[in-house]
1. Roughly what percent of Cα-Cα pairs across region 3-67 reach past 17 Å?
2. Report the FRET efficiency, 1/(1 + (r/R0)^6), for N28 and R8, where r is their Cβ-Cβ distance and R0 is 25 Å, rounded to 0.05.
3. Determine the sum of side-chain charges near E18: Lys and Arg each +1, Asp and Glu each -1, restricted to other residues whose C-beta is under 14 angstrom from that of E18.
4. Which net charge results when you count Lys and Arg as +1 and Asp and Glu as -1 among the other residues whose beta-carbon is under 14 Å from that of E64?
5. Amide H of K10 versus every other amide H placed in the peptide plane: which residues, excluding those fewer than 5 positions away on the same chain, fall under 5 Å?
6. Calculate one ³J(HN,Hα) per residue across region 23-29 by plugging θ = phi - 60° into the Karplus curve 6.51 cos²θ - 1.76 cosθ + 1.60, and present them in order as whole Hz with x for glycine and proline.
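Read-outs throughout are calculated quantities, based only on the coordinates presented, and are distinct from any laboratory measurement. Not measured: the values here are computed from a predicted model. Positions of Cβ are backbone-derived with ideal geometry, glycine not excepted, and every protein chain shown enters the neighbour counts.
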Amino acid sequence: MSEEGARRRKGIVHIQHEYCKKCSICVNFCPVKNLEIQEQKLVELGRCIACKMCQRYCPDIAIEIEEIDAKTVTTGEPGHSNGG
């Protein structure tokens with residue numbers, strides 16, 4: 001069992017901050033500790049495995065998981081701009 005394979009990102013967490021009450025339920029359910037509350041805001045740490053536990057148990061319906069192909073995820077990949 002490869003540790004690198006277990007940590008390969010398979011999803012992107014989309015957080016609707018206006019709905020999130022920062023209850024920490026998602027933080028506690030995440031098996032890879034991908035979510036944290038930092039400075040009164042829920043943040044993703046970039047290691048989502050797309051298990052959707054956070055989405056399933058969020059009482060505020062503030063989380064949506066986008067499944068991605070792990071092979072296409074790279075940092076600073078050309079063609080993926082952020083509004084620019």
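1. Values: 630 of 2080 pairs.
The proportion of pairs with Cα distances above 17 Å equals 30 percent.
2. Details: r = 23 Å, r/R0 = 0.92.
Efficiency at R0 = 25 Å is approximately 0.65.
3. Numbers: positive: K21, K22, K41; negative: D60, E64.
That works out to +1.
4. Values: positive: K52, R56; negative: E18, E44, D60, E66, E67.
My count for the surroundings of E64 gives -3.
5. HN-HN under 5 Å from K10: C48, I49, A50.
6. 7, 6, 4, 4, 4, 6, 7
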